[in-house]
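Readers should treat all values here as calculations from the given coordinates under stated rules, not as data from a laboratory. Remember, it's a predicted structure, so these values are computed and weren't measured experimentally. Note that each Cβ is placed from the backbone with ideal geometry, even for glycine, and that neighbours are counted across all protein chains shown.
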Amino acid sequence: MLLPHKHTAEGTTIFTVMSGLAQQHNAINLSQGFPDFAIDERLSQSLHEAALKGFNQYAPMPGLPQLRQAIVADFKKRYGLHIDADTELTITPGATYAIYTAFTTILEPGDEVIVLEPAYDSYIPNIETNGAKAITISLQAPGFTVDWERVEQAINLRTKAIIVNTPHNPTGAIWSKEDWDMLASLVKDTNIIILSDEVYEQLVYDGRQHYSVLQHEELRHRSFVLYSFGKVFHNTGWKIGYCIAPPAFTTAFRRIHQFLCFSVNTPAQYALAQYLSLPDLPAVADMMQQKRDYFLELLSQTPFTIHRPAAGSYFQTASYAHISHMPDTEFAQWLTREHGVATIPISAFYRHKKDDKLVRFCFAKKEETIVQAIERLAKLNVMV
Ligand SMILES: Cc1ncc(COP(=O)(O)O)c(C=O)c1O
């Protein structure tokens, strides 16, 4: 029996491959974007309490009301934004699902979506599975800035959407208000929809501010914005996220969502609602910035070089150009096998596997994990 190929991505994702290789070679895993430290005990306790208190049946389709209210209060506090819990917010099983559902809500065969590369690996398969075409535009190294002229040239009558990710995986770059202004000027007289993947919104460093598309007057009404609790509360395995979008978009999103998963894990939603309402949540950006700084300080003892410290996210890209001529995927596999440290090659984030001799390190790790990884990386030699 021949089954259809719904998208062009080959094989297993690089994250699964590298984590598998890390396990096989007992390597320190700085590849996949997940923390290796414990979550706040109060969050675990809330989950326990949820099950004991009987929050064990289906939650309402848009999400548990108390979680939606807690998110609304959080956005009011952190951004001064008003979100309507009933008409603009839907709880989802993670952000990857929310991105897929948003694409499925809007795409029809023949549509085009602009994707800025390097990009999170689910975007293009999601677009293609919906019969649409991904138009890729490379961000400009070394700062990974947007080439606006190319974006303007790519826009045509078939352009249904553009997907933006800030803070950015894998480069750690963030969008400024000026970036959003540029995009606003290009989409002004079009029906182009924006998908804004803001899963790392709370992980922004050095006193910078995350600028959300929701804060942009001209863009908010045409945007789906996707979030993940996993990245904020260090519980990526819970797979709970949410989508904020204007009422008409939310209605359409739920028309798809109710037949994809219908209802999201109830005890986890209850626990997150309780936790989010606490007055003294830990300062997650400060904690992660310390990890970034510690990682960078130690990385300077190795032959890896960086263009600039990550402005946000869990990730630091680094060049191994002084260490090896190998293509990046080969280098990452070699590094895992021979030196016991797993990373992600940046070419994996490009459809055509553009290779700039860069790898991505995840620094959302315990201090001892970082120390052990660097001890191994410090043994690498500069090429002569
Ligand atoms: C840019 C980006 N979007 C979405 C996700 C996925 O979030 P979730 O685990 O909630 O599906 C990730 C996870 O690595 C990510 O890096």
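General remarks:
- Spacing of the modelled spin labels on Ala141 and Tyr58, each 7 Å from Cα toward Cβ, amounts to 5.0 nm.
- Proximal charge balance of Phe37 [Cβ under 11 Å; K/R count +1, D/E count -1]: -1
- Order of Asp293, Asp189, Asp121 under a 10 Å beta carbon neighbour criterion, fewest first: Asp189, Asp293, Asp121
- Per-residue ellipticity at 222 nm from helix content only, as computed over the chain with -39500 (n - 2.57) for each DSSP H run of at least four residues, stands at -11500 deg cm²/dmol.
- Label zone of Glu49 (point 7 Å out along Cα→Cβ, amide N under 19 Å): in the stretch 242-282 this covers 266-282.
- FRET efficiency for the pair His82 and Asp293, taken as 1/(1 + (r/R0)^6) with r the Cβ-Cβ distance and R0 = 25 Å, rounds to 0.10.
- Ranked by how many other Cβ atoms sit within 10 Å of their own Cβ, fewest first, the residues Met383, Met182 fall in the order Met383, Met182.
- The stretch 41-276, dipole about Cα centre (Lys/Arg Cβ +1, Asp/Glu Cβ -1), debye to the nearest 20: 740 debye
- The stretch 41-276: C-alpha pair distances exceeding 25 Å, %: 40 percent
- Take 336-345, 6-15, 315-324 and order them by the average number of nearby Cβ atoms within 10 Å per residue, most first; the result is 336-345, 315-324, 6-15.
- Ignoring aspartates and glutamates fewer than eight residues from Lys231 along the same chain, the ones with Cα atoms less than 17 angstrom from its Cα are Asp36, Asp40, Glu41, Asp74, Asp121, Asp197, Glu198, Glu201, Asp286.
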